[in-house]
Every structure is written in C-alpha cells, then in structure tokens.
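First up is the structure itself, then whatever we jot down about it.
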Amino acid sequence: LAHYDPLTKLPNRFYLSVRLELAIADAIRSGNAGALIYVDIDRFKNINESAGHSKGDELLQLVAVRLRDSMRQDDLVARLNGDEFAVLIQGIGDVENVNRIVNKIKEAFEEKFVSRNSEYRLSTSLGVSLCPRDGETVEDIFKNADIAVRNAKDKGGDIETFYTQELNSTTNRKIWLEKHLRNALEREEFVIHYQPQVRLVDGALTGAEALLRWVHPEEGTISPGEFIPIAERSGLIIPIGDWVLENACITAKRWLDTGLNLGHLAVNIAGPQITRGNLIKSCQNALSKSALSPSLLELEVTEGFIMKDAENSIEILESLRDLGIAMSIDDFGTGYSSLSYLKRLPIDQLKIDRSFIKDIPENKDDIAIAKTIVSLGQNLGLSVIAEGVETEEQRNFLLSLGCELAQGFLFHKPLSAEEFFDCFIESSMVEKNPNGFSTNSAA
C-alpha cells in the first residue's frame, strides 16, 4: 500500500521517488544519463464524464499493462495519479535512445483499447526530463518533467516535449501571470478599449467592439494574447468576462444617454464562459444593471469553440437570442465549420478573420476565402464584417465583393472610452427632419 498503486498495481510516486534518487546518484557517478518521462493521457476527463469512472478505471488498468509490456525489464513504469504515469529509464547512453523509448510509448497507444466491447483510441502528451542534465535532485527532475508535459498539452497534446531552460522561463512566466491575474480585478488593473466598427462605403460608425486590456503597475500593458489563454485555462476568464460584459454595457448606455448614437456593442465571449459559467444569467445581470437594450448588445463567439460542442452551443445561443441579443461568429474561416451546423446556428453575423485580410488583394488563396465567406453570409442572410482592414486596397477589394462592414487601423485604432466618445459624439448627433424621422449625420 505504501509503494504500489492499488488500481493498476504499478509502483506509485513514493516508490518512483526512491528509485529516481538512486538513478540520479548513479548518473552523476557513472556519467551515464537517465531519463524521467511523464505520460499524461489526453482528454481522459471526457471519458470519465461520458462513460463513467468505472470504465475510466478499466482503461487505466489497460494502459498500465500496455505501458509495462512495451518497456524493458529494467525500466520502471509508475502511476503518479489520475491519468498520469511515468517511466524511469536508467543508463540511456546516447540521448537519441530516449527518442526511441518515446516512440515505443507512442506506438503502445496506436492500437485501440477494448473494454467491455467498447473501443477507445487514446493519445498521450509526453514530457521528458534528463538526469543529471536537467537536475540533480528528485524534486527538480519531477518538476522539469511536469513542465515539459504541460507544454506538450498546451500545444494540443499527442506530442512529446523535452525540458529546456527556455521552457522553464516560459512556464515561470505563465505562473507569474496567473498569480497576478488573480488579483488584477480587485486591484482595478483592467481597462476596456473600444474599436469602432464602420460602414465600408463611407466610414460611418455602426458599432464598437469592446477589447480587454491589462495594465500592470510594474509590467505595464500586458498583451491579451499572453494573458487571455491563461485566464481561460484557469477559469479566471469567467469573473473577468462578467466584469467586461457589465462595464461595457454601462459605458454604452452612458454614451447613448449623452447623445452618441452607437449602433451596437460587440463583446467577445470565451468558451469557458459558456461551458463553465452561466452566460445567460451574466447577460441578464449586465443588461439589468446598465439598462441597455438587449437589441444593442452583440456577443462574438469564436468559430473553433462553437464547433467543439455544436449541439450545446446551438441551445445556449438560441437562449441568448431569445433575450434579444445578436450573435456573431468571430475568426470565421479558422475553425472548420460544418455547414450543416452553420445553417442551424442562431447567428446574425460572420466576422472574417484578419489572417485572411492582411495579404489581399495580392494573395490568391485569401482572395478566394474572403469571396467565399462574403457570398456564404449573403446567401444565409447574415451580415459580414472584416477585421484587420489597414489599407485602401483592402477596403476597395472588400467593397467590390459586397462586404459592407469593417474594423481596423485604416479607420481607427482601439480607443479608451473617453477617446471614443470625443471622437464620435459630434458626427453621431441625431437631428429631426421636417417629417419627424431620425437621420444619422455620421460621415
């Protein structure tokens, strides 16, 4: 019980630690390196949730047998916890030998696992730490193998990663960001900027996209591309997303009350806000506190996330639309949409990803994709907006396709709430014509 895992009958972490300490001492003395390989089964949580924990336990037992059978007699295969295993290799000689062992582990997962007449295909993320190169203590070797396997999982899984100092620096940076991210809300370090969305034909304001910015007191402005993925993985995106939604709605209502004819407010929604949060309630709270009309709010959800769980996404998006909220698919063209799902989604707009805009009209492939998206949107009765428009050539080309809306540096960079109001208040004032109809004088 002290040295072995009761489920798989493999050595446990404690026994592995004892053997690893001896292996490190032998590697230092003899100069013949060893290796610790972390083996983490990808997306195993999904199996536990869909098939039940008893089925998951059976699969873990099958994995244990297959791993043990694929290794040499002197290699130690251990179960660390949950769906994490480890393989300790001593006397590897040439480091290239580790690659051969890694390939043997991957080959062990190529064949299906059969449990109670059900078949499962499993893949693994592998993290490799060499001793004594990557550490001379058990704690260091464990930590560095864990850093390596986390990096492999961050890249999507089903790959191997060797520990490096650069990887350690990256991991330490992520740990630092997550630690400070947890306090950023209460310290009021977040601000929201707003990028105007305009009519291509005349540049008239049609709406604004709310963009989150983090201004750290010591680091300064931290890129959303750096902290948003960490916020999503840690679940912090849920309270942060609620804060953005509420404050952006309050700002939009203040603009409207002081004469700025906004059009609509677009707010990005991350996947975890839908799957782990209560997005419908969050929207209701934000609209209630701000008194903003639901018809002025538009939620942008990435295509990639929707396609991961299309059926559940359709149900939630329909509930949001029932509230009167418009829906837009962000980064369209990057997530491999199924057209059978696309026609069922309760959406109002497609946003062409900037990656397809930046090289037009020179790049033939991007031209073809942009044409297809605009045509698809028109045929489905959806509006189409292009993001990342930076040149007159791009603007003219999109106009020739029939794309009506855009945002990008050609028109305006993201602005603070105060800058946005000052920039558009005069041009958006609404006057009454003699017949009593409202006319927008924006130009």
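The values are calculated or read from the model by the stated rules, or taken from the named source; none is laboratory data. Remember, predicted model here, so these are calculated numbers, not experimental data. Cβ sites come from the backbone with ideal geometry, for glycine too, and all protein chains shown count toward neighbours. Accessible surface areas use protein heavy atoms only, side chains included; no ligands, DNA or RNA. Shrake-Rupley method; radii C 1.70, N 1.55, O 1.52, S 1.80 Å.
Tabulated data for the structure shown
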{"item": "Single residue of the stretch 7-36 satisfying the filter (among the β-branched types (Val, Ile, Thr) and over 15 Å from Asn81 (Cβ atoms)) that is least open to solvent (accessible area, probe 1.4 Å)", "result": "Ile24"}
{"item": "Index of the failed condition, Arg254 passing every other in (1) in contact (Cβ under 8 Å) with a residue 12 or more places away in the chain; (2) within 19 Å of Pro294 (Cα to Cα); (3) open to solvent by 60 Å² or more (accessible area, probe 1.4 Å)", "result": "(1)"}
{"item": "Residues within the stretch 370-385 that are under 17 Å from Asp331 (Cα atoms) and without any contact (Cβ under 8 Å) to a residue 60 or more places away in the chain, tallied", "result": "11"}
{"item": "Positions within the stretch 272-290 being assigned to a helix (DSSP H, G or I), more than 26 Å from Leu262 (Cα to Cα) and open to solvent by 40 Å² or more (accessible area, probe 1.4 Å), in sequence order", "result": "Thr275"}
{"item": "Of residues in the stretch 291-309 being at pLDDT below 80 and in a helix (DSSP H, G or I), the one most open to solvent (accessible area, probe 1.4 Å)", "result": "Lys308"}
{"item": "Only listed residue being within 20 Å of Ala145 (Cα to Cα), at pLDDT 90 or above, touching a strand residue (DSSP E or B) at 6+ places or on another chain (Cβ under 9 Å) and among the charged types (D, E, K, R), chosen from Asp42, Asp5", "result": "Asp42"}
{"item": "Where Glu178 falls short, out of the listed (1) closer than 30 Å to Glu404 by Cβ; (2) in contact with a helix residue (DSSP H, G or I) (Cβ under 8 Å, 6 or more places away or on another chain); (3) not aromatic (Phe, Trp, Tyr)", "result": "(1)"}
{"item": "Helices (runs of 4 or more DSSP H) contained in the stretch 345-427 and holding at least 2 residues closer than 19 Å to His264 by Cβ", "result": "417-424"}
{"item": "Of residues in the stretch 46-76 being of a type in the set (Lys, Arg) and touching a helix residue (DSSP H, G or I) at 6+ places or on another chain (Cβ under 9 Å), the one most open to solvent (accessible area, probe 1.4 Å)", "result": "Arg72"}
{"item": "Residue pairs meeting the criteria (Cβ under 7 Å; at least 6 apart or on separate chains; first on the phi < 0 side of the Ramachandran plot, in the stretch 224-242; second part of a loop (DSSP other than H, G, I, E, B))", "result": "Glu232/Ala270; Ile237/Ala270; Ile238/Arg276; Ile238/Gly277; Pro239/Leu185; Ile240/Leu185; Gly241/Ala270"}
{"item": "Conditions (1) open to solvent by less than 50 Å² (accessible area, probe 1.4 Å); (2) assigned to a loop (DSSP other than H, G, I, E, B); (3) touching a residue at least 40 places away in the same chain (Cβ under 8 Å); number of the one not met by Asn261", "result": "(1)"}
{"item": "Wholly enclosed strands (runs of 3 or more DSSP E) of the stretch 182-238 bearing at least 2 residues more than 23 Å from Ile329 (Cα to Cα) and open to solvent by less than 50 Å² (accessible area, probe 1.4 Å)", "result": "205-216, 220-222"}
